[in-house]
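One structure is given here, and the rest of the page talks about it.
The values are calculated or read from the model by the stated rules, or taken from the named source; none is laboratory data. Quantities reported herein were computed from a predicted structural model and do not represent experimental measurements. Please note: Cβ atoms are built from the backbone with ideal geometry, for glycine as well, and neighbour counts cover all protein chains shown.
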Amino acid sequence: MARAGYAAHQAFIAPARGADDPRLLMIGILLVEVIYLASVYLMEPVMALIPLAPAEAVAGGTTPAGLRVQLFSFVTLALAVVLVARRLHGRGFLSLLGPVGPMLRQLIRVTVIAGAMVMAVQVLPLDPAALAFAEMRPLGPWLALLPLSLAALLVQTGSEELFYRGYVQQQLAARFNRRWVWMVLPNLLFAAAHYSPDMRHDEAVQYLIWAFVFGLAATDLTARSGTLGPAIGFHLVNNALAFLFYAEAGGVDSGLALFLFAPDLALGALPEEAFEAPPALDLLLLWDLAGILMLWIAARIAIWR
């Protein structure tokens, strides 16, 4: 049954066959990372020349304009992937996506169904009493700019999926028939990219675990559907929930949130020594992993594979 469920994966990885030397893939990954990191370091001088937002607001995502610029800047990651795939493997952009028509239909279906479930389960039921402690941004401007915010998130999530699932997963699966190779290795990279040295150790470990499991779910959706559409929709809905509704006032990536909570409501004003470091697999992590499971089930319903 599992093999039948992944039948579409064979067509998805077919364009990578014949140019699937692992050494080329390793060089390609390094080149993509170098090009993308160079674009990150160039962000500050670019913002000085084109002042769309202050450089510090872009880096921290602390203002609406700053966070949108940060998210749109992920287009450099997508361009790096396309360039590397073309130069090293002789592959075009569309070969990384799967069939375009089904991909777009699956993207829309997953976004709509998973988005509706997230709204019904995690956004609308929030206790109104909790919102009394939050500062709410003006609803009119937030709604007016919501399409632009979603477009920025689509660029960010689509670029990441193009790299990890469209490029790395395809190349590995074309070369290695062992499922664990193309399921595990791309998501070790994906998890490593989400490591933050600024976090407390236990929080950083939890985030690594979360990112790895999230990547596994996106990999499964890609293999079942044969396109990047479901993984992009899955990723988009998750990030929309993370970026667009609730955040800590002045916190990292808080620029697009509708409701802003004071840091002390998250116990951030208390000294770190007041708490014992929780184990990596605590209730909060389990709740977050349950959220991934819920989104994955919604995406599976949307594509029915």
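Some points to look at:
Yes/no matrix, rows are residues, columns are (1) modelled with pLDDT under 95; (2) aromatic (Phe, Trp, Tyr); (3) on the phi < 0 side of the Ramachandran plot:
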position: ASP127; (1), (2), (3): yes, no, yes
position: LEU150; (1), (2), (3): no, no, yes
position: LEU153; (1), (2), (3): no, no, yes
position: ARG165; (1), (2), (3): no, no, yes
position: ASN177; (1), (2), (3): yes, no, yes
position: TRP182; (1), (2), (3): no, yes, yes
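A quick yes/no check of all residues on (1) within 30 Å of GLY140 (Cα to Cα); (2) at pLDDT 90 or above; (3) surrounded by 15 or more Cβ atoms within 10 Å (Cβ to Cβ):
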| position | (1), (2), (3) |
| --- | --- |
| LEU258 | yes, yes, yes |
| ALA266 | yes, no, no |
| LEU270 | no, no, no |
| ALA290 | no, yes, no |
| LEU293 | no, yes, no |
| ILE303 | no, yes, yes |
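- The listed residue being under 25 Å from VAL110 (Cα atoms) and either of a type in the set (A, V, I, L, M) or touching a residue at least 24 places away in the same chain (Cβ under 8 Å) (or both), out of VAL168, VAL205, VAL181: VAL168
- Close pairs from segment 228-242: first surrounded by fewer than 24 Cβ atoms within 10 Å (Cβ to Cβ), partner among the charged types (D, E, K, R), Cβ under 7 Å, at least 6 apart: none
The rows are residues; the columns are (1) of a type in the set (A, V, I, L, M, F, W, C); (2) free of Cβ contacts under 8 Å to residues at least 40 places away in the same chain; (3) in a helix (DSSP H, G or I); (4) crowded, with 20+ Cβ neighbours inside 10 Å.
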position	(1), (2), (3), (4)
ARG87	no, yes, yes, no
PRO102	no, no, yes, no
THR111	no, no, yes, yes
MET119	yes, yes, yes, no
PRO147	no, yes, yes, no
TYR164	no, no, yes, yes
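Each row is one residue, and each column tells you yes or no for (1) within 14 Å of the chain's Cα centre (by Cα); (2) crowded, with 16+ Cβ neighbours inside 10 Å; (3) not acidic (Asp, Glu).
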{"site": "TYR167", "(1), (2), (3)": "no, yes, yes"}
{"site": "PHE190", "(1), (2), (3)": "yes, yes, yes"}
{"site": "HIS201", "(1), (2), (3)": "no, no, yes"}
{"site": "ARG224", "(1), (2), (3)": "no, yes, yes"}
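- Of all residues in segment 215-245 being part of a helix (DSSP H, G or I) and in contact with a His (Cβ under 8 Å, 6 or more places away or on another chain), the one that is nearest to PRO141 (Cα to Cα): ALA218
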